[in-house]
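The values are calculated or read from the model by the stated rules, or taken from the named source; none is laboratory data. Computed from a predicted structure; not experimentally measured. FYI the Cβ positions are ideal-geometry reconstructions off the backbone, even for glycines, and counts take in every protein chain you see.
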Amino acid sequence: MKKCDVVVNVKDDADARPIALLVQTASQFESKVYIDCEDKHVNAKSIMGMMTLTLTNGNQVTVSADGADENEACDRIREFLTSAK
């Protein structure tokens with residue numbers, strides 16, 4: 001299992017479109033991918049779960065991935081959450 005701490009910095013904060021794109025990104029990986037924010041532990045491949053998170057710029061979250069491609073999954077999710085496009 002790989003974990004990485006990330007400070008969120010996305011263009012539209014927790015708008016629906018970035019969350020949908022985040023779920024699509026996480027779904028590309030075989031690994032189980034989770035995001036911990038405050039007291040919530042959410043499957044990053046679940047659109048409904050991700051909508052329950054408050055992902056605003058400056059928030060610190062922990063991304064965890066477990067599986068064959070866990071390193072790449074964690075790295076890509078971190079890149080997504082820190083790329084204010």
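Quick one: would you say V23 is within 14 Å of V10 (Cβ to Cβ) and touching a residue at least 60 places away in the same chain (Cβ under 8 Å)? Taking the combined requirement at face value, the residue does not satisfy it. Contact map, the stretch 35-52: residues that are closer than 19 Å to M1 by Cβ and free of Cβ contacts under 8 Å to residues at least 60 places away in the same chain paired with residues that are assigned to a loop (DSSP other than H, G, I, E, B) and of a type in the set (S, T, Y), Cβ distance under 9 Å, separation 6+ or inter-chain. Pairs shown: C37/T54; K40/T52; K40/T54; V42/T52.
Just need a number here: residues in the stretch 55-85 that are aliphatic (A, V, I, L, M), closer than 16 Å to D5 by Cβ and not in a strand (DSSP E or B).
4
Of all residues in the stretch 1-39, exactly one satisfies the criterion of being within 10 Å of I77 (Cβ to Cβ) and at pLDDT below 95, namely L22. Within the stretch 1-54, which residues are assigned to a loop (DSSP other than H, G, I, E, B), buried (at least 19 other Cβ atoms within 10 Å of the Cβ) and not β-branched (V, I, T)? The answer is F29, S31, A44, K45, L53.
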